[in-house]
Amino acid sequence: MNYIDGFVAAVPTANKDAYIKHATEAAKVFKEHGALQVVETWGDDVPNGKVTSFPMAVKCQDNETVCFSWIVWPSRDVRNQAMDKVMSDPRMQPDTNPMPFDGKRLIYGGFEVILE
């Protein structure tokens, strides 16, 4: 069964084009190393919650937009084998493809698919 890596980030709204460029380059690298699909989304209906919410989770500020993305892998093993290669790829280095958001507030995790 497939394996999913999920991400939530607060991106400065003014950096939307830079985010798309960054994500496009990253998607190429992930796919070259075995990812089946990379999906990037730009929040347009992401309400603030009273107890929990996407904006609260990433400490989203007024000038930022919540982005939600995921990578579909054929398996956790494929993902694990690919991740070192992806992170050491020159196209993923901060001086080549800098993250246009505060990586300290990025939320990420790996998920086993239990229903499709």
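When each of K59, K21 is tested for being at positive phi, at pLDDT 95 or above and surrounded by fewer than 16 Cβ atoms within 10 Å (Cβ to Cβ), the lone residue that passes is K59.
Checked against the criterion of being under 13 Å from the mean Cα position of the chain (by Cα), within 20 Å of E112 (Cβ to Cβ) and not hydrophobic (A, V, I, L, M, F, W, C), the stretch 15-32 has no qualifying residue.
Could we say that A35 is surrounded by 15 or more Cβ atoms within 10 Å (Cβ to Cβ) and more than 29 Å from S75 (Cβ to Cβ) here? Judged against the criteria, A35 is not a match. Of all residue pairs spaced 6 or more apart or on separate chains, those with beta-carbon atoms under 7 Å, a first member in the stretch 42-53 that is under 17 Å from F7 (Cβ atoms) and a second member that is in a loop (DSSP other than H, G, I, E, B) and of a type outside the set (S, T, N, Q) are S53/P47.
Scanning the stretch 33-58 for residues that are over 21 Å from P90 (Cβ atoms), within 15 Å of the chain's Cα centre (by Cα) and of a type in the set (A, V, I, L, M) turns up L36, V39, A57, V58.
For residues in the stretch 77-104 being assigned to a helix (DSSP H, G or I) and crowded, with 16+ Cβ neighbours inside 10 Å, which is farthest from the chain's Cα centre (by Cα)? Quick ask: steps written out before the conclusion?
Of the stretch 77-104, the ones assigned to a helix (DSSP H, G or I) are 77-88, 90-92, 103-104.
With the extra rule that they be crowded, with 16+ Cβ neighbours inside 10 Å, the set shrinks to 78-79, 82-83, 86, 92.
Working: V78: 18, R79: 14, A82: 16, M83: 13, V86: 13, M92: 13 Å.
Checked the stretch 77-104; the qualifying residue farthest from the chain's Cα centre (by Cα) is V78.
So how many residues does the stretch 105-114 have that are under 14 Å from N2 (Cβ atoms) and either over 15 Å from the mean Cα position of the chain (by Cα) or among the charged types (D, E, K, R) (or both)? Matching residues across the stretch 105-114 total 3.
Conditions tested, residue by residue: (1) under 17 Å from K31 (Cβ atoms); (2) modelled with pLDDT of 95 or more; (3) of a type outside the set (A, V, I, L, M, F, W, C).
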site	(1), (2), (3)
N63	no, yes, yes
D95	no, no, yes
M99	no, no, no
L106	no, yes, no
G109	no, yes, yes
E112	no, yes, yes
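The values are calculated or read from the model by the stated rules, or taken from the named source; none is laboratory data. Quantities reported herein were computed from a predicted structural model and do not represent experimental measurements. Note that we place each Cβ from the backbone using ideal geometry, even for glycine, and neighbour counts take in every protein chain shown.
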